[in-house]
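Since the structure comes first, as structure tokens, the remarks are kept for the end.
The values are calculated or read from the model by the stated rules, or taken from the named source; none is laboratory data. As the structure is a prediction and not an experimental result, all values here were calculated from the model. Every residue, glycine among them, receives a Cβ derived from its backbone with ideal geometry; neighbour counts consider all protein chains shown. Ligands, DNA and RNA are stripped out before the accessible areas are found, and what is left, the full protein with its side chains, is counted by its heavy atoms. Shrake-Rupley method; radii C 1.70, N 1.55, O 1.52, S 1.80 Å.
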Amino acid sequence: MTAGQIIVGMASCGVAAGAQEVYQAFEQKIEATGAQAELSVSGCIGTCFLEPLVKVRGADGREWTYAEVTPERADRIVDQHVLAGEPIREWTWEEGVYKDAVEAFMGPQVRIVLRNCGLINPERIDEYLARDGYKAIEKAVTAMTPEEVIQEVKASGLRGRGGAGFPTGLKWQFAHDAAGEDRYLICNADEGDPGAFMNRTVLESDPHSMLEGMIIGGYAIGASRGFIYCRAEYPLALKRLDIALNQARERGFLGKNLFGSTFSFDIEVRQGAGAFVCGEETALMASIEGQRGMPRLRPPYPTTAGLFGKPTVINNVNTLTNIAWIILHGGAALAQYGTPGTKGTKVFSLAGKVARGGSAEVPMGTPLHKIVQEIGGGSFSGKPVKAIQMGGPSGGCVPATLFDTVVDYEELAKTGAIVGSGGMVFMDEDTCMVDIARFFLNFTQDESCGKCTYCRVGTRRMLEILTRICSGEGTMEDIDTLEELADKVKNTSLCALGGTAPNPVLTTLRYFRDEYIAHVRDHTCPAKVCRPLLTFSVIEEACTGCGACRRACPAGAISGEKKQVHAIDPNLCIKCGVCYETCRFDAILVE
Amino acid sequence: MSNEMVGGVALSVVDRMIERYGTSSDAAIPILLGLQETYGYLPLEALQRVTDKTETTPNQVYGVATFYGQFRLKPVGEHIVRVCHGTACHVRGAVGISEALSEALGLKDGEDTTADNKYTVETVACLGCCSLSPVIMIDDKVYGKLTRKKVKDIFKQLEREESNQ
């Protein structure tokens, strides 16, 4: 009889790909066959493109990872691998069809933040403890002074991973030195950038690593209370945080007099209520205080007067996840990675038109082309990657011609983009850059809190201009006005939301001005995205008269007899593109 | 305790939330989130009671209720369908997914709730499942790698499951 373990990857990405059904299939099959296998779950290892993932650990201790598992495959895995001891090699990472893709994706990575993701059950503290969990906080509290902890973080060169890149050790130093008794540490888990999911991956897959970083931070700055501000759109992350916090309290890693010292610390979770601006630190604190999330002028900086007027440190999830590792391995161990000004590693979320989507952690200093081509595998369509968008609504588009740029706060800023929180959205030649600029402006004008006039009104005017250009009604003067407004919004906004809102427009204008001009002067959308500029017609030679487009057309604009060439009535056509997506014979022409 | 009912739910729910989160003004958002989870929206009567029973002011509570995207002041359908319009979903066709949803649920321009009050459709900025884009979320379940056809199939499947129950 074969004993073993079956571990199903159950982060949100896995669940969305069907991991719940796969888990149930294993459960039923184990019960029906009496197979001697323990069923467990893990978080996400980062290869979201291969979900659902299932690890099978045989009685011999050897591990196999199955990709793209379905309930049917689960059935056969139990029969052949668990019961008969014969792995189905062609479905595995190790020897199957996925081998090359996995090696390309995982090979260049250095996993510090993601060190436990996908390897442990996030709901079992013992699995975290088995991987040196809570050893760093014990070391800090029992063998180091707060000043020594801060010194170690400074030596690591760690800078804020939320996007702004402020040196973490220095921030801690400021709060540590601030006057007064009470201090707070806040973990910013309000990951609002559309296209970014690095924080979600960690919170769902390895919440204890982040918690341990927070406790160490609390010790370093002399805080006794911490808050995690997590967005409500992440129900699974919230659930796992709650479980992890309770476990940490039970085991004495949170609470009074930790490790017999005078240091006491506890953490409370506060849910965000859906406002992008709350990622900005002063807005975030207003939100925790129960107010509308409106930023305020700095100084005073939060490290002097923050939450409830007390010195406060706000760190991103991924910043904090580095901390325990730094304390255990030393600051110099982190500083060996990276460039002179930017140390350590960075987790990127690869998404959009990428071939291999997921989370990948690379050393700072890695050239973009390595992430785009090797790890991401280029575009899923096989067409060249035209640009990547980094840093969400605050960031910019980096064109393929600049893919030699390395991941470094200062180097990337030169391109007009930012390292940002880590969102990296791939774009191929079927992505319209004007449409992307319009998309981001639509987002920022909607999320502007309304406090500063240029951010409130200026972004709206910019959106109107972009919408006009996308409908083919723009003028060359509009492009100039856009640039002028961008400059004003950038320079007259109080917080980073407004200050960076024009970046997507400015970078697309800088690198893809020809696309803007094509929309304005030629009334065409080169990527064939902006619908008002498109016409749909049937290519007579290719049409087989199958009728699929006619049945799919929501406007009833397509007519034709069976097995006869069909036609689209331009007066009825709403340009939705359903016919183009439906046709299996490439018989729809989009111009 | 109040025995008054709002939208089929007792107003005493407010008191329970206040008991759980406290009466200080920083409890406003947790209380409101709790109320919305129970009622599905924020009834004005409930907001009034929050301001009566805590250190919050009407100005603050109404301000918070209208500032944050999560809060709704109108009742919603039985199930919430969130269509992700994040960057990744956008470049992979979220606009078409929204159209397919409206078509599948019979929603006309501007409508967000079905006539039978079963579904309310919401557009959200990002669900964080970018590597499976485009995605939608029905209540707490995420559906990924969608096409227009898959959207229609999901609702057909849900209908079938319901009629089998």
Interface area, A with B, accessible, probe 1.4 Å, both sides summed, Å² nearest 100: 3600
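Please label the shape of segment A:125-335 as rounded, prolate or oblate, based on the square roots a ≥ b ≥ c of the eigenvalues of the alpha-carbon gyration tensor (a/c under 1.5 means rounded; beyond that, a/b larger than b/c means prolate, else oblate). Kindly include the intermediate steps, with their values, before the conclusion.
Numbers: a/c = 1.43, a/b = 1.17, b/c = 1.23.
Rounded is the answer for segment A:125-335, as its axis ratio a/c remains below 1.5.
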Where only alpha carbons of segment A:485-563 are counted, the Rg and the Dmax (Å): 21.0, 63
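Mind checking the dipole of segment A:247-378: about its Cα centre, +1 per Lys or Arg Cβ, -1 per Asp or Glu Cβ, Debye to the nearest 20?
Values: 13 positive and 8 negative charges, 23 e Å.
For this selection, approximately 120 debye.
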Pairs of alpha carbons in the protein assembly as shown whose separation is greater than 35 Å (percent): 48
Segment A:3-103: mean projected area of Cα convex hull, nm²: 5.5
Cβ-placed point charges (K, R +1; D, E -1), dipole of segment A:345-428 about Cα centre in debye, nearest 20: 280
Prolate/oblate/rounded call for segment A:433-521, Cα gyration tensor, a/c under 1.5 rounded: prolate
Vicinal HN-Hα couplings computed from phi for segment A:474-479 (Karplus, 6.51 cos²θ - 1.76 cosθ + 1.60; Hz; Gly/Pro x): x, 10, 5, 5, 4, 5
For A:VAL41, residues with placed amide H under 5 Å, excluding near neighbours: A:VAL8
Estimated vicinal HN-Hα couplings, Hz - segment A:488-504 in sequence order (Karplus 6.51, -1.76, 1.60; Gly, Pro = x): 5, 4, 4, 8, 10, 9, 6, 10, 5, 4, x, x, 10, 3, x, 3, x
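If packing is taken as the mean number of other Cβ atoms within 10 Å per residue, what is the order of B:109-118, A:402-411, highest first?
Averaged packing, sorted descending, gives the order A:402-411, B:109-118.
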Counting DSSP beta bridges with both ends in segment B:1-140, the antiparallel % (nearest 5): 50
Antiparallel content of DSSP bridges confined to the protein assembly as shown, in %, to 5: 55
Acute angle (nearest 10 degrees) that the helix B:44-53 long axis makes with the longest principal axis of chain B, alpha-carbon atoms: 40
With eigenvalues of the C-alpha gyration tensor scaled by 5 and rooted, chain B, Å: 34, 18, 13
Calculated on alpha-carbon atoms, Rg and Dmax of segment B:1-92 in Å: 14.8, 51
Accessible area in square angstrom per residue, the protein assembly as shown, 1.4 angstrom probe: 40
Dipole axis of the protein assembly as shown (+1 Lys, Arg; -1 Asp, Glu on Cβ), positive-most option in B:VAL91, A:PRO87, A:ILE221: A:ILE221
Normalised per residue, the volume of the convex hull around the Cα set of segment B:79-163 (Å³): 83
Vicinal HN-Hα couplings computed from phi for segment A:560-577 (Karplus, 6.51 cos²θ - 1.76 cosθ + 1.60; Hz; Gly/Pro x): x, 7, 4, 6, 10, 4, 8, 9, 9, 7, x, 6, 9, 4, 9, 6, 7, x
Listed residues A:LEU245, A:SER379, A:PRO235: farthest to the positive end of the dipole of segment A:232-385 (Cβ charges): A:SER379
Enclosed volume per residue, in Å³, of the convex hull spanned by Cα atoms of segment A:364-441: 84
Dipole magnitude (debye, nearest 20) for chain B, charges at Cβ of Lys, Arg, Asp, Glu: 680
B:TYR39 accessible area, 1.4 Å probe, all protein chains in place, Å² to nearest 10: 30
